[in-house]
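Accompanying notes for the structure given below.
We did not get these values from a lab; they are worked out from the coordinates using the rules stated. Every value quoted in this text rests on a predicted model; they were computed, and no experiment measured them. Glycine gets a Cβ as well: all are built from the backbone with ideal geometry, and neighbour counts include every protein chain shown.
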Amino acid sequence: MEKVITINNRDETLAFGEYLGKLLKPHMLLTLNGDLGAGKTTFTKGIGKGLGIKRIINSPTFTILKQYQGNYQLSHFDAYRLEGQSEDLGFEEIFDSDDICVVEWPEFLEDILPQERLAMTIKRIDDDHREFILKPIGKKYEELVKEIEYENNCHG
């Protein structure tokens, strides 16, 4: 049961992330697929705001993992630089924890990611517009997607 949300600009990307962040519970995993510049980190900034995180969230491209404390701990992964690497990085423990995990470029961690997750693809329509395709894998994620009644309140 996929759901598609159309986003019209960067502010709506942040707002949708914040909306979703308020619905997330401990031990949830979101994977974000999308081209460079599609808005994965911008969306994650919104999630952080929804989780009550005060620190600035930026891409963990070079550190691979950044963690932030808000109402819950957010573990933000950017696996882009892990392409072709196979050493054990200890990430499984984080996926098993109560952290809310957001993984950019999940294809490079696929062999250690939990099967159940909310798999999201951000499709760039043009410079401003995006389609967020939400694909729940597992019962708690199906429930989460059913709960999403997101309407854009600013059309640009």
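Data overview
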quantity	calculated
Tensor-based shape of the chain (alpha-carbon gyration tensor, a/c under 1.5 rounded, otherwise prolate or oblate)	rounded
Extension gain from Gln115 to Ser59, taking 0.36 nm per residue of separation minus the Cα-Cα distance	17.8 nm
Selection of chymotrypsin sites (Phe, Trp or Tyr not before Pro), the range 1-55, meeting DSSP coil and at most 16 other Cβ within 10 Å	none
Exposed-site-free run, longest, the chain (rule: trypsin sites (Lys or Arg not before Pro); DSSP loop; at most 14 other C-beta within 10 Å)	56-156
Cα gyration tensor shape of the range 46-129, rounded if a/c is under 1.5, else prolate or oblate by comparing a/b with b/c	oblate
Among beta bridges that DSSP assigns inside the range 1-111, antiparallel share in %, nearest 5	35 percent
Spin-label proximity, Met1 to the range 129-148 - amide N less than 16 Å from point 7 Å beyond Cα toward beta carbon	134-148
